[in-house]
1. Highest first, please rank the peptides 146-153, 135-142, 202-209, 157-164 by the mean number of other Cβ atoms sitting within 10 Å of their residues.
2. May I ask you to derive the relative contact order of the chain, considering only C-alpha pairs under 8 Å and at least 6 residues apart, and to give it as an integer percent?
3. Quick one: putting +1 on the C-beta of Lys and Arg, -1 on the C-beta of Asp and Glu, what dipole do you get for the chain around its Cα centre, in Debye to the nearest 20?
4. Using a probe radius of 1.4 Å on heavy atoms only, what accessible surface per residue do you get for the chain? Whole Å² is fine.
5. Rounded if a/c is under 1.5, else prolate if a/b beats b/c, else oblate: with a ≥ b ≥ c from the C-alpha gyration tensor eigenvalues square-rooted, which is segment 104-240?
6. Show 81, 69 ordered by accessible area, largest first, where the area counts protein heavy atoms only and the probe is 1.4 Å.
7. Quick check: at a probe of 1.4 Å, how many percent of the accessible area of segment 1-145 sits on carbon and sulfur atoms?
8. Please list, in chain and number order, the residues 5+ apart from residue 201 or on another chain whose amide H is under 5 Å from its amide H, with Hs placed from the backbone.
Amino acid sequence: MVCFDRRTWLHAMLLPFRDKNPSKRKPFVTYGLIAINGLVFLAYWPLFNDQSALHEFYFEWALIPIAVMNGHQALGLLTSMFLHGGIIHICGNMLALHIYGDNLEDTLGHVPFLLFYLFCGVAAAVAHTALNPTSYVPTVGASGAIAGVMGGYMLMFPKARIDILIFLVFIIRVFSVSAWIVLGIWIVLQFRGAASYGSDSFVAYGAHIAGFLVGAVLIVPAWLRRGGTRFWSVTGGHPDHPEARSAQITRFPTVRRRKGR
């Protein structure tokens, strides 16, 4: 989730972009959520050419903490998770949902996964409201719900392999690492961001943390039904089907700087 401002932007040096365990069944809910988010974004895309109209739209449908605290616009707790502040914002969120959502949907089932996703999103929005009760800043984004999916994924499949792109100036490398490392780094960065910036940040770190923790707690019954730590022993901490094959470390072509003429 981001507190919308036209200055909001993203620097990514570490970018998870795929996992090695595609789900056994078609993740219809994951695909549907990605499609809905995309269609909603396209529907108000023209408003980005008119900042006044865009802000008016966000004030109608985004999460406004002080309005919710005053008993108004409670629907924003739900609708805000289907809105985004720009192309990078929605692409980053939908990529994360694509990576982590399919296996969790496979584990929980289609309808339970949808309810899990929505509950995590609303819980993240409630946490953001509680942490910023006097804020007038419109907050949008699916990342609170997706953080819940990430929390559930980390408990169920801590050793699933995630491919990440690492950008080092003009060098791009691909590494395959365990999910607990990727997600562990991510949640640590959220706590660090919350401690460093608090309510002054344009990123809703508190919502991310809340969504992640709620997702991790909600998945515990499903994890225990499968045997808890015995489930990890049987599956090796991976989804319980073979992983896709790819090289563990891939070298991308190096882009060299040209001298000016």
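The values are calculated or read from the model by the stated rules, or taken from the named source; none is laboratory data. Given the structure is predicted, the values throughout are model-derived calculations rather than measurements. Here the Cβ positions follow ideal geometry from the backbone for every residue, glycine too, while neighbour counts run over all protein chains shown. For the accessible areas, the whole protein counts, side chains as well, though only heavy atoms, and no ligand, DNA or RNA atoms are used. Shrake-Rupley method; radii C 1.70, N 1.55, O 1.52, S 1.80 Å.
1. Per-residue mean Cβ counts within 10 Å order the peptides as 146-153, 202-209, 135-142, 157-164.
2. The value is 28 percent.
3. In total the dipole reaches around 1400 debye.
4. 53 Å²
5. Since a/c reaches 1.5 but b/c is at least a/b, the shape of segment 104-240 is classed as oblate.
6. Final ranking, largest accessible area leading: 69, 81.
7. Ligands and nucleic acids excluded, carbon and sulfur reach 70 percent.
8. Distant-sequence amide H within range of residue 201: zero hits.
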